[in-house]
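A short worksheet on the structure shown next.
The values are calculated or read from the model by the stated rules, or taken from the named source; none is laboratory data. Just so you know, these numbers come straight off a predicted model, no measurement behind them. Cβ sites come from the backbone with ideal geometry, for glycine too, and all protein chains shown count toward neighbours. SASA here: full protein model, heavy atoms, side chains in, ligands and nucleic acids out. Shrake-Rupley method; radii C 1.70, N 1.55, O 1.52, S 1.80 Å.
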Amino acid sequence: VRALALLTAVFLSLDLAYNGFAIGGVALSKVYTLALMFVAAFALDRLLSTLFTWYLKEIAPKTESTLDEEVLPLIQKVVRVLIYVLALMLILDNLGVQITPLLAGLGVASLAVALALQDSLGNFFSGVNLSVDRAIKKGDYISADVGGVEGTVHEVGWRSTKILTPSNNIMVVPNIKLAQNIVTNYSMPDMEIMHSGSIGVSYSSNPDKVCEAILFAINGAASKSQLICKDSQAAVRLDSFGESAMNFKFGYRVRDYMSRPMASD
């Protein structure tokens, strides 16, 4: 606002005192217009910079992912460059400079850079998609159809996702690999998961009694174990007839995905 007021005061003073005043052969009104373009670019830069700073201080610390804190500074720099490049193009165009060759050169250079950074850009935008879509977040237990990926999400970065495997190792997976493959998130919509198993019994057994015995065993285990949910929603059914046994399938809810092996014991 101060720059706008100063420029307007100088323009009006010179225009009233020296009619037809020019700077380097450029009319005063055009100089004033070009100066206003630069002031507008500066004001837009300051406005967006303030919004980015506010988000990083007030919103980003409250999110579970650190992706926004890593990506926003880069986006801010890119936006600043674009604002001033656009302002420079407009100023040159108003001065009568042919900017078409310059735009063509910038387009070729941008294409070359994009091709050189194709993998990095792919991982970057895949990381943004994963963060915005909230498909996975820190602390989720996931598995993916890519290279035996399974474990707890340790960090979702701008280029890769770090996963803590059950063997207590960090697996670094490029974001584009997760974005292009099927990912199973065992922590969504909640931590509880249905665990299933099967058992075979003799053909001489009463199917109804077998179902009752399995349900009794599951409910008894739920009352003693913290791994099995109290409201386990246990279910049993006759699944198939084998060569020497009837096969029953049962299921019950456990606390989380990692509790399955211990709950089975």
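Using a probe of 1.4 Å, the accessible surface attributed to residue 252 totals some 10 Å² when neighbouring protein chains are kept in position. Here each label is just a point 7 Å from Cα along the line to Cβ, and for residue 54 and residue 23 those points are 3.3 nm apart. Across the stretch 206-213, rounded Karplus estimates of 3J(HN,Hα) from the backbone phi angles (6.51 cos²θ - 1.76 cosθ + 1.60, θ = phi - 60°) give 7, x, 5, 5, 5, 4, 5, 5 Hz, Gly and Pro being marked x.
Accessible area per residue (1.4 Å probe, heavy atoms of protein chains only) ranks 158, 54 as 54, 158, with the largest value leading. Sorting 188, 246 on solvent-accessible area from highest to lowest, probe radius 1.4 Å, gives 188, 246.
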